[in-house]
Every structure is written in C-alpha cells, then in structure tokens.
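The values are calculated or read from the model by the stated rules, or taken from the named source; none is laboratory data. What you see is a predicted model, and the numbers here were worked out from it, not measured in a lab. In this analysis, Cβ positions are derived from the backbone assuming ideal geometry, glycine residues included, and neighbour counts consider all displayed protein chains. Only protein heavy atoms, including side chains, enter the accessible area calculation; ligands, DNA and RNA are left aside. Shrake-Rupley method; radii C 1.70, N 1.55, O 1.52, S 1.80 Å.
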Amino acid sequence: MPTIPHVVRHSLKNILFPTDFSPASSVALALALALARTDGSTLLLVRAISPEPHRQLITDRLSAPDDRLREDARHKLSNFTRSLGAASFKGLLEQGDLEAVIPTIIHEHDADLAVLGTHGRRGVSKLMLGSDAERIYRSTPCPVLT
C-alpha cells in the first residue's frame, strides 16, 4: 500500500529586503510584505550606504558629508516604511559595500529569504553601472527572490 509523502512547510521568520528606494524597490516591497504577512515574518528593511573613496588627506575629512548621506538615507527609510501598516519590520541602516553588509545582516538576523527589486539593466548600462541585485544574490547565503 503506497504512503502519502509528508510535505514539510518551511516558514519564513525573517525576510531581508535591501532597498535603494527606487520604483523597482517599491514594486518588490509589495511582494515582500505579502510574504511577511502570510508567514507572520519580520521584514528586515536594509539600506546600505556605500563607503566613500579614500581621500588623500585623512585630516581634511569632515564628517558633515557622511552625516548628510546617513540622515538622508534615514529619512528615506522612514518614509519608505510608512506604507508597511501593521507588518512587523526592522529598519536597518548600514554603511559598507553590499557584498559585505548583506551577508552579515543575514547571519546576524537569521534571514530565511531575501526579496529585492531590480532595474533590469542590460547591455552597456549594466556594464557601466553594474547590477546591485546581481552583487547581492552572488554574495547572499540564503535564497533570493528578485
């Protein structure tokens, strides 16, 4: 007599959502929210601020430009999260390269899935500008949904 296979359903406890506040991120946010609400997951909204290139004279470096970039990102993250309603979320603002920041956050917060928007660049624009989405999914130790 054949047996019915046992299906294991994995729940998502933490969903990582890296954002650059673009329209592509807004579209992906709807999907991330739906997944988070379905599983009762916490949505980890992450904005990574790229480090500035090293200046020749470290003593000439002023913190004001860094503070402005961070404050601008904090303001955008706050505005971005207003649409989340009752969803459980954490807003995380980090400074560093995506390839270093994202895996660290996944490890620290036990993220089960990463959801991100992509601009769909091709050809020369992708060659010149690169693809943050590609950099993220190449460095991420969990499944990625784009």
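For segment 110-121, the set of residues classified as of a type outside the set (Asp, Glu) and either surrounded by fewer than 16 Cβ atoms within 10 Å (Cβ to Cβ) or within 12 Å of the chain's Cα centre (by Cα) (or both) consists of 111, 113, 114, 115, 116, 117, 118, 120, listed by residue number. Remark: pairs (first residue in segment 87-105, in contact (Cβ under 8 Å) with a residue 12 or more places away in the chain and at negative phi; second residue of a type in the set (Ser, Thr, Tyr) and part of a strand (DSSP E or B); Cβ separation under 7 Å; 6+ apart in sequence or on different chains) = 88/42; 89/42; 90/42. Is it the case that segment 122-140 has a residue that's farther than 18 Å from residue 15 by Cα, at pLDDT 85 or above and either out of contact with any Gly (no Cβ under 9 Å at 6 or more places or on another chain) or not in a helix (DSSP H, G or I) (or both)? No: zero hits.
Okay, residues lined up against (1) open to solvent by 70 Å² or more (accessible area, probe 1.4 Å); (2) modelled with pLDDT under 65; (3) charged (D, E, K, R); (4) under 21 Å from residue 105 (Cβ atoms):
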position	(1), (2), (3), (4)
44	no, no, no, yes
59	yes, yes, no, no
64	no, yes, no, no
74	yes, no, yes, yes
78	no, no, no, yes
